[in-house]
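Chemist: Below are the structure tokens for one structure; questions will follow.
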Amino acid sequence: MHMADAPYDFPDARGHFGPYGGVFVAETLIPALTELRQAYEAALADPAFAAEFNYELKHYVGRPSPIYHAKRWSELLGGAQIYLKREDLNHTGAHKVNNCIGQAMLARRMGKPRVIAETGAGQHGVATATVAARYGMECVVYMGSEDVRRQAANVYRMKLLGATVVPVESGSRTLKDALNEAMRDWVTHIGNTFYIIGTVAGPHPYPMMVRDFQAIIGQECIEQMPEMVGRQPDYVIACVGGGSNAMGIFHPYIEHKDVRLIGVEAAGSGIETGMHAASLSAGRPGVLHGNRTYLLQNEDGQIIETHSISAGLDYPGVGPEHAWLKDIQRAEYVGITDAEALQAFHNLCRFEGIIPALESSHALAYAAKLAPTLPKDKVLLVNLSGRGDKDMHTVAEKSGIQF
Amino acid sequence: MSRIQQTFTRLAGEGRKALIPFITAGDPNPEMTLPLMQALVAGGADIIELGVPFSDPMADGPTIQRASERALAAGMSMRRVLDIVRSFRATGDQTPVVLMGYANPIEAMGVEPFVKATAEAGADGVLVVDYPPEECRGFAESCRAGGLDPIFLLAPTSTEKRFEDVAAVGGGYIYYVSLKGVTGSATLDLDEVARRIPAIREKVGMPVGVGFGIRDGATAAKIAALADAVVIGSRIIEEIESSAPGEAPSRVTAFLRGVREAMDAAGGAR
Ligand SMILES: Cc1ncc(COP(=O)(O)O)c(C=O)c1O
């Protein structure tokens, strides 16, 4: 099913990307989603909203983020040139804040004084807590108790910022369970609460709205790459958990048909071991968290536990737009194991003086695999979605070091 | 006329309201579910809502989440739920059974195979929490063609436009969720229920059941005065949870009988 020459225009009015996306929620949430959709449409039609968003991105986040030529690492790899889009330099240390500002601005417009969020690695929770502090909003962050343990430093950061962190003990105690719990909070406090979803998942309009807020990443690249190398890259590579940093950098490139888009999923201990989080590579379509998409599930349709060294990729679903881009073959999705990601993590530290997030290290690892197979004049643009300070503990543990 | 419609027609003739208890199939283990269904009937159930456990029950509170986790840990699956319905029918019991759950286990089985197997097992209706009308026209049609009533939710926040959307695809009865929140939440707003039910009944032309937050006979009686059916879930699961092994059926029957008597006493006064 190839959309030959029709311009890419998804989702449709009801939030569908082909068979994916949609609004698969209980009736109790339908009015809240309708209200949100209308508020978002009104904001899009208001130039003042875009102006404020851009102002915040510039002065609070520090955008535009630079693109950096990882020259030494590229030379060592001996093939294509690797460029890094430095989302790690954003305020709060990852791309997540772009989306949080957009949604918090909407919450203010809608008169909702309380924001809630789910978080895995803690980056989205930190970004939400940050923006809530900045706007004077009450903030509650749901986090699987397993992730609370893995990401203790980020839990403390959220508390410093005035947020309440609620450990979630149900299910696998990770990101998906935090999302379930945040949905339950939302449906219970619908009048005064705005749910800031951290990735391009959830029911419509979230996948579209989060993508739109994150698309600033790709929009900047479209301007910056010609300035740096005189043309657009041959490949754009990004890690995919829920898929927001990837959608953000992919979306403006979709119509640039010569640019290959590669999403990198967490292959954990290896796809063949079953211990991974590669929904697109190894899952089947189904319905979870308000949308239809590829899911890791057993034959009875129960969602199965995922495994990844990086908490931010440890999610059994994926944004519905990625499911669609896979089916129409506009993007390709590959897997990188824990070990490969760790290797790339260390290499970037040693050869470029940049400590990347473990999530982003998956994209880096794929670039490191691909680069040597290509001539030196090929250009790979990798979304360095976040910095690795939060991962010190995990990496040290892997190397047998205790703080 | 479906078995669910027949039930409501008969009850209307008797001047009584339907009592619809909910349990999760496989909680605390698959062997207990048939005796518990029979215990519900003995306690005065008119229709049984049988929960199909799901790993991610987004719309449920802690009590039903725990029931789901226990059932899955005990090896429950969609096929085993259907086996239980089949064995319930094999006892000759004609109490309508409504399967209530989430979309993914149904989609994993495939909609057509699910509808066929569910109807063959002897179930009467299906309520899929995360299938709002706009996402499941095809599913609702398949259900109706296969002899199953597709049952939908309405909420205090639903607009009149939603009543129409639901009327266009729904069957059997409407499940009015009496409060904002998840299953098992604390209090319910009787005034709200009193205000909304007549409008819903008129717009959708189906009996309206009320659930979420009903925990005792007194509240059930008040709801019964306003609506066509009373749905009780979390409170029954708590009864099962706190029972010693083997005692759950008798305790469930005793609890439900109290609710039944309170409802019928109030209904008789009308
Ligand atoms: C740095 C970083 N990159 C990527 C992700 C994965 O999310 P997404 O796929 O939505 O970009 C996370 C999530 O926490 C993250 O913190």
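Chemist: In this structure, does A:Gly18 turn out to be touching an Asp or Glu at 6+ places or on another chain (Cβ under 9 Å) and either open to solvent by less than 10 Å² (accessible area, probe 1.4 Å) or not charged (D, E, K, R) (or both)?
Modeler: Working: touching an Asp or Glu at 6+ places or on another chain (Cβ under 9 Å): yes; either open to solvent by less than 10 Å² (accessible area, probe 1.4 Å) or not charged (D, E, K, R) (or both): yes.
Yes, satisfied.
Chemist: Got a number for residues in segment B:7-21 being crowded, with 24+ Cβ neighbours inside 10 Å and in contact with a helix residue (DSSP H, G or I) (Cβ under 7 Å, 6 or more places away or on another chain)?
Modeler: Matching residues across segment B:7-21 total 4.
Chemist: Just name the residue that is most open to solvent (accessible area, probe 1.4 Å) out of those in segment A:296-321 that are away from chain B (no Cβ under 14 Å) and without any contact (Cβ under 8 Å) to a residue 60 or more places away in the chain.
Modeler: By that ranking, first place goes to A:His307.
Chemist: Tell me, please, whether a residue that is within 14 Å of chain B (Cβ to nearest Cβ) and within 14 Å of the ligand (Cβ to nearest atom) can be found in segment A:120-142.
Modeler: Within segment A:120-142 (the criterion being within 14 Å of chain B (Cβ to nearest Cβ) and within 14 Å of the ligand (Cβ to nearest atom)), the answer is yes, since at least one residue qualifies.
Chemist: Another question, if that's okay. Residues in segment A:379-387: is at least one aliphatic (A, V, I, L, M), within 11 Å of the ligand (Cβ to nearest atom) and not assigned by the TED database to the domain that holds A:Phe24?
Modeler: Scanning segment A:379-387 turns up at least one residue that is aliphatic (A, V, I, L, M), within 11 Å of the ligand (Cβ to nearest atom) and not assigned by the TED database to the domain that holds A:Phe24.
Matching residues to (1) more than 28 Å from B:Ala90 (Cβ to Cβ); (2) open to solvent by less than 30 Å² (accessible area, probe 1.4 Å); (3) in contact with a strand residue (DSSP E or B) (Cβ under 7 Å, 6 or more places away or on another chain):
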site: B:Glu134; (1), (2), (3): yes, no, yes
site: B:Gly138; (1), (2), (3): yes, no, no
site: B:Gly172; (1), (2), (3): no, yes, yes
site: B:Asp191; (1), (2), (3): yes, no, no
site: B:Arg201; (1), (2), (3): yes, no, yes
site: B:Val204; (1), (2), (3): yes, yes, yes
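Chemist: Give segment A:87-110 a look and list any residue that's open to solvent by 10 Å² or more (accessible area, probe 1.4 Å), away from the ligand (no atom under 16 Å from the Cβ) and in a helix (DSSP H, G or I), or say none.
Modeler: Across segment A:87-110, the qualifying residues are A:Arg108, A:Arg109.
Chemist: Given the condition farther than 26 Å from A:Met183 by Cα, part of a helix (DSSP H, G or I), in contact with a Gly (Cβ under 7 Å, 6 or more places away or on another chain) and away from chain A (no Cβ under 14 Å), answer yes or no: does some residue in segment B:106-114 qualify?
Modeler: No, there is no match, as no residue in segment B:106-114 is farther than 26 Å from A:Met183 by Cα, part of a helix (DSSP H, G or I), in contact with a Gly (Cβ under 7 Å, 6 or more places away or on another chain) and away from chain A (no Cβ under 14 Å).
Rundown of residues vs (1) assigned to a helix (DSSP H, G or I); (2) away from the ligand (no atom under 16 Å from the Cβ), yes/no style:
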{"residue": "A:Pro167", "(1), (2)": "no, yes"}
{"residue": "A:Ser170", "(1), (2)": "no, yes"}
{"residue": "A:Ala178", "(1), (2)": "yes, no"}
{"residue": "A:Ala182", "(1), (2)": "yes, no"}
{"residue": "A:Trp186", "(1), (2)": "yes, yes"}
{"residue": "A:Gly198", "(1), (2)": "no, no"}
{"residue": "A:Ala201", "(1), (2)": "no, no"}
{"residue": "A:Phe213", "(1), (2)": "yes, no"}
{"residue": "A:Met228", "(1), (2)": "yes, yes"}
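Chemist: Given A:Thr373, A:Thr394, A:Thr293, which one is in contact with a Phe, Trp or Tyr (Cβ under 7 Å, 6 or more places away or on another chain) and either more than 17 Å from A:Ala238 (Cβ to Cβ) or open to solvent by less than 10 Å² (accessible area, probe 1.4 Å) (or both)?
Modeler: Unique residue meeting the criteria: A:Thr293.
Chemist: Okay, moving on. Got a number for residues in segment A:277-293 being in contact with an Asp or Glu (Cβ under 8 Å, 6 or more places away or on another chain) and either more than 14 Å from every other protein chain (Cβ to nearest Cβ) or more than 30 Å from A:Val187 (Cβ to Cβ) (or both)?
Modeler: Residues meeting the conditions: 4.
Chemist: Continuing with this model, one more query. Which numbered condition in (1) outside any helix (DSSP H, G or I); (2) within 13 Å of chain A (Cβ to nearest Cβ); (3) out of contact with any Gly (no Cβ under 6 Å at 6 or more places or on another chain) is the only one that B:Tyr175 fails?
Modeler: Of (1) outside any helix (DSSP H, G or I); (2) within 13 Å of chain A (Cβ to nearest Cβ); (3) out of contact with any Gly (no Cβ under 6 Å at 6 or more places or on another chain), only one is false for B:Tyr175: (3).
Chemist: Could you tell me whether any residue of segment A:230-252 is of a type in the set (S, T, N, Q) and either free of Cβ contacts under 8 Å to residues at least 24 places away in the same chain or in a loop (DSSP other than H, G, I, E, B) (or both)?
Modeler: Within segment A:230-252, one or more residues are of a type in the set (S, T, N, Q) and either free of Cβ contacts under 8 Å to residues at least 24 places away in the same chain or in a loop (DSSP other than H, G, I, E, B) (or both).
Chemist: While we're looking at this one, here's another question. Within segment A:96-125, work out how many residues are of a type in the set (Lys, Arg) and at positive phi. So that I can check it myself, show each step before the final result.
Modeler: Taking segment A:96-125 first, the residues of a type in the set (Lys, Arg) are A:96, A:108-109, A:112, A:114.
Then keep just the ones that are at positive phi; that gives none.
Summing the residues that are of a type in the set (Lys, Arg) and at positive phi in segment A:96-125 gives 0.
Chemist: For segment A:207-222, give me the residue count where each residue is more than 13 Å from the chain's Cα centre (by Cα) and without any contact (Cβ under 8 Å) to a residue 60 or more places away in the chain.
Modeler: 3
Chemist: Still on this model: Does segment A:233-252 hold any residues that are within 16 Å of the ligand (Cβ to nearest atom) and either over 19 Å from A:Asp9 (Cα atoms) or not assigned by the TED database to the domain that holds A:Pro375 (or both), and which are they?
Modeler: Across segment A:233-252, the qualifying residues are A:Val236, A:Ile237, A:Ala238, A:Cys239, A:Val240, A:Gly241, A:Gly242, A:Asn245.
Chemist: Being surrounded by fewer than 23 Cβ atoms within 10 Å (Cβ to Cβ) and either within 16 Å of the ligand (Cβ to nearest atom) or closer than 11 Å to A:Asn383 by Cα (or both) is the filter here, so list the residues in segment A:73-86 that pass it.
Modeler: Result: A:Arg86, single match.
Chemist: From A:Glu223, A:Glu265, A:Glu255, grab the single residue that is assigned by the TED database to the domain that holds A:Leu370, surrounded by 24 or more Cβ atoms within 10 Å (Cβ to Cβ), among the charged types (D, E, K, R) and at pLDDT 95 or above.
Modeler: Only one candidate qualifies: A:Glu265.
Chemist: I'd like to check something: does segment A:137-149 contain any residue that is assigned to a helix (DSSP H, G or I), closer than 23 Å to A:Ile216 by Cα and open to solvent by 20 Å² or more (accessible area, probe 1.4 Å)?
Modeler: Of the residues in segment A:137-149, the ones assigned to a helix (DSSP H, G or I) are A:145-149.
From what is left, the residues that are closer than 23 Å to A:Ile216 by Cα are none.
No, that holds for no residue.
Chemist: In the list A:Ser145, A:Ser172, which residue meets the criterion of being farther than 24 Å from A:Val240 by Cβ and of a type outside the set (A, V, I, L, M, F, W, C)?
Modeler: Within the list A:Ser145, A:Ser172, the selection yields A:Ser145.
Chemist: OK, next. Checking A:Asp185 against (1) among the charged types (D, E, K, R); (2) surrounded by 23 or more Cβ atoms within 10 Å (Cβ to Cβ); (3) over 13 Å from the mean Cα position of the chain (by Cα), only one condition comes out false. Which one?
Modeler: The single condition A:Asp185 does not satisfy is (2).
Chemist: Determine which member of the set B:Asp27, B:Asp56 is among the charged types (D, E, K, R), more than 14 Å from chain A (Cβ to nearest Cβ) and not in a strand (DSSP E or B). Break it down stepwise before answering.
Modeler: Details: B:Asp56 fails: more than 14 Å from chain A (Cβ to nearest Cβ).
Among B:Asp27, B:Asp56, only B:Asp27 is among the charged types (D, E, K, R), more than 14 Å from chain A (Cβ to nearest Cβ) and not in a strand (DSSP E or B).
Chemist: If you go through segment B:66-90 one residue at a time, how many are open to solvent by 20 Å² or more (accessible area, probe 1.4 Å) and not in a loop (DSSP other than H, G, I, E, B)?
Modeler: Looking only at that region, the number is 12.
Chemist: Could you pull out the residue among A:Asp46, A:Asp9 that is over 26 Å from A:Ala331 (Cβ atoms), without any contact (Cβ under 8 Å) to a residue 12 or more places away in the chain and not assigned by the TED database to the domain that holds A:Ile355?
Modeler: Exactly one residue qualifies, and that residue is A:Asp46.
Chemist: Quick check on segment A:30-39. Is at least one of its residues surrounded by 20 or more Cβ atoms within 10 Å (Cβ to Cβ) and under 30 Å from A:Arg350 (Cα atoms)?
Modeler: no
Chemist: Residues to consider are A:Tyr333, A:Tyr366; find the one that is in contact with a helix residue (DSSP H, G or I) (Cβ under 6 Å, 6 or more places away or on another chain), of a type in the set (Ser, Thr, Tyr) and within 29 Å of A:Gly21 (Cα to Cα).
Modeler: Details: A:Tyr366 fails: in contact with a helix residue (DSSP H, G or I) (Cβ under 6 Å, 6 or more places away or on another chain).
After applying the criteria, what remains is A:Tyr333.
The values are calculated or read from the model by the stated rules, or taken from the named source; none is laboratory data. These numbers were taken from a predicted model, which means no experiment stands behind them. All Cβ positions, even for glycine, are placed from backbone atoms using ideal geometry, and neighbour counts span all protein chains on display. Accessible surface is based on the protein model in full, side chains and every heavy atom, while ligands, DNA and RNA are left aside. Shrake-Rupley method; radii C 1.70, N 1.55, O 1.52, S 1.80 Å.
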